[in-house]
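Chemist: Below you will find the structure I want to go over with you.
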Amino acid sequence: MHSTTTKSWKSRGVIECYREFLPVSSATPIISLGEGNTPLIYSARLSERVGSGCDVFVKNEGVNPTGSFKDRGMTVAVSKAIERGTKALICASTGNTSASAAAYAARAGISCVVILPAGKIATGKLLQAFVYGAKIIAIDGNFDDALRIVRELSATGDFTIVNSINPDRIAGQKTVAFEIIDELGDAPDFHLLPVGNAGNITAYWAGYREYLAGERSTKLPSMIGFQAIGAAPIFYDRIIEKPETIASAIRIGNPASWKQARAAIVESQGSINVVSDEEILAAQQWLAKYEGIFVEPASAASIAGFFKCCDSSDSSCSFHEIPEGSRIVCTVTGHGLKDPDVIIRQLSELKPVAATANDVRRAIEL
Ligand code: F0G
């Protein structure tokens, strides 16, 4: 079992960094893969795009151990589960939660069951759950059906749910707000992020409020969430029975943290908006080509949303009258290599040239 506790090597990870803000004690075995401490990347191009002397940063959560922000919450959820004597984890997922749960379960030496919508999981994420040794069950239904089933199964007490309805997940994920404040010296003025099951926006808001209460920051950002147009229950204020979007990670019609997301948006004087699949894919390509940051489609929703705010005069989503010198953070949530299928379709077949410097020079000049 969890060999991590047998020797006390000092390691990185969000529990080590932010222990005093997390529900852990000296009795909690720490199950970590060194998550967190992700790059906050200043973007001169995005800053120029919004103008008014604003500074724009991209928080790249795709460089966490399993390639998504889920690892921040998973280290806390799995550490607490082990402390309570859990033998098995369970989760519903659009892919990233299952990859993360499977990895942390492997690290802890316990089993993990993941319930996924059949045919709707990006290839890389499915491979991750498989290679980490999770029991994978594909259902003939969507994420919302999977979450309903997981809730029913966990009622027996045989499993610990590690979806974001588990408060330990939210506790871990709020550390991202701490990192941003620690690095910038204060909270940003606007925070843009993709919204699916709405756990992450809930966690950010909790983190920002907690640091303000502890006088580690002087203000709160406006939280601006983006859903895909075909999977936008919070924006339309109704359950979407058959959500559809290329951004499979946020293909969710009935978010578990709907109420908390609403509260975050209202309390922060923020907003919830939508972006189309075309805007998402264009933003994904832009970020890769002009900033060298390759993210999966769902992640690009925050960048697509940023462009929308720059271009739109609709007051719920516009930077036209943004205060001079505002700071904007856009979170990108998952690594691009998780979901290669969309990009592979755009890749033309590579025809080899003869293996001489001359032939290669000619090919470069073409
Ligand atoms: N971005 C990515 C890459 C995600 O995987 C998710 C959610 C979100 C954004 C939205 O975050 O749900 O907290 O609002 N993925 C979950 C999963 C649902 O199962 O991996 P949220």
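Chemist: Which residue out of 280, 239, 272, 252 is under 30 Å from residue 124 (Cα atoms), surrounded by fewer than 18 Cβ atoms within 10 Å (Cβ to Cβ) and among the aliphatic types (A, V, I, L, M)?
Modeler: From the options 280, 239, 272, 252, the qualifying one is 239.
Chemist: On the given criteria, is residue 276 in contact with a Cys (Cβ under 6 Å, 6 or more places away or on another chain), in contact (Cβ under 8 Å) with a residue 40 or more places away in the chain and more than 14 Å from the ligand (Cβ to nearest atom)?
Modeler: Judged against the criteria, residue 276 is not a match.
Chemist: Restricting attention to region 73-89, which residues are crowded, with 24+ Cβ neighbours inside 10 Å and farther than 19 Å from residue 25 by Cα?
Modeler: Listed by number, the list holds a single entry, 89.
Chemist: Of all residues in region 316-334, which are of a type outside the set (Gly, Ala, Ser), surrounded by 12 or more Cβ atoms within 10 Å (Cβ to Cβ) and over 18 Å from residue 43 (Cβ atoms)?
Modeler: 317, 320
Chemist: Another question about this same structure. From the residues in region 15-38 that are open to solvent by less than 50 Å² (accessible area, probe 1.4 Å) and not in a loop (DSSP other than H, G, I, E, B), which one is nearest to residue 182 (Cα to Cα)?
Modeler: So the residue we want is 18.
Chemist: Okay, next question. Filtering region 236-249 down to residues that are outside any loop (DSSP other than H, G, I, E, B) and within 19 Å of the chain's Cα centre (by Cα), which residue is nearest to the ligand (Cβ to nearest atom)?
Modeler: The selected residue is 249.
Chemist: Pull up region 159-192, narrow it to residues that are touching a Cys at 6+ places or on another chain (Cβ under 7 Å) and part of a loop (DSSP other than H, G, I, E, B), then point me to the one that is surrounded by the fewest Cβ atoms within 10 Å (Cβ to Cβ).
Modeler: 163
Chemist: Among residues belonging to region 107-135 that are within 13 Å of the ligand (Cβ to nearest atom) and β-branched (Val, Ile, Thr), point out the one that is surrounded by the fewest Cβ atoms within 10 Å (Cβ to Cβ).
Modeler: The extreme case among them is 115.
Chemist: Checking residue 153 against (1) within 14 Å of the ligand (Cβ to nearest atom); (2) assigned to a helix (DSSP H, G or I); (3) under 21 Å from residue 86 (Cα atoms), only one condition comes out false. Which one?
Modeler: Among (1) within 14 Å of the ligand (Cβ to nearest atom); (2) assigned to a helix (DSSP H, G or I); (3) under 21 Å from residue 86 (Cα atoms), residue 153 violates only (1).
Chemist: Surrounded by fewer than 21 Cβ atoms within 10 Å (Cβ to Cβ), hydroxyl-bearing (Ser, Thr, Tyr) and either in contact (Cβ under 8 Å) with a residue 60 or more places away in the chain or more than 14 Å from the ligand (Cβ to nearest atom) (or both): is that true of residue 218 in this structure?
Modeler: In short, yes.
Chemist: Does residue 164 fit the bill of being over 24 Å from residue 14 (Cβ atoms) and in contact (Cβ under 8 Å) with a residue 40 or more places away in the chain?
Modeler: Criteria not met by residue 164.
Chemist: Can you tell me which residues in region 221-233 are assigned to a loop (DSSP other than H, G, I, E, B) and in contact (Cβ under 8 Å) with a residue 60 or more places away in the chain?
Modeler: Scanning region 221-233 gives a single hit, 221.
Chemist: For residue 48, all conditions in the list (1) in contact (Cβ under 8 Å) with a residue 24 or more places away in the chain; (2) open to solvent by 50 Å² or more (accessible area, probe 1.4 Å) hold save one; what is the number of the exception?
Modeler: Against the list (1) in contact (Cβ under 8 Å) with a residue 24 or more places away in the chain; (2) open to solvent by 50 Å² or more (accessible area, probe 1.4 Å), residue 48 comes up short only on (1).
Chemist: Output the number of the condition that residue 41 fails; it satisfies all remaining conditions of (1) open to solvent by 20 Å² or more (accessible area, probe 1.4 Å); (2) under 23 Å from the mean Cα position of the chain (by Cα); (3) touching a residue at least 12 places away in the same chain (Cβ under 8 Å); (4) over 30 Å from residue 309 (Cβ atoms).
Modeler: Just one mismatch for residue 41, condition (4).
Chemist: Among the residues of region 294-315, what is the count of those that are open to solvent by 10 Å² or more (accessible area, probe 1.4 Å) and within 16 Å of the ligand (Cβ to nearest atom)?
Modeler: Residues in region 294-315 being open to solvent by 10 Å² or more (accessible area, probe 1.4 Å) and within 16 Å of the ligand (Cβ to nearest atom): 1 in total.
Chemist: Tell me whether region 197-205 contains one or more residues that are in contact with a Gly (Cβ under 6 Å, 6 or more places away or on another chain) and crowded, with 24+ Cβ neighbours inside 10 Å.
Modeler: yes
The values are calculated or read from the model by the stated rules, or taken from the named source; none is laboratory data. What you see is a predicted model, and the numbers here were worked out from it, not measured in a lab. Don't worry about glycine lacking a Cβ; one is built from the backbone with ideal geometry, like all the others, and counts go over all protein chains shown. Protein only, heavy atoms only, side chains kept; ligands, DNA and RNA dropped before computing areas. Shrake-Rupley method; radii C 1.70, N 1.55, O 1.52, S 1.80 Å.
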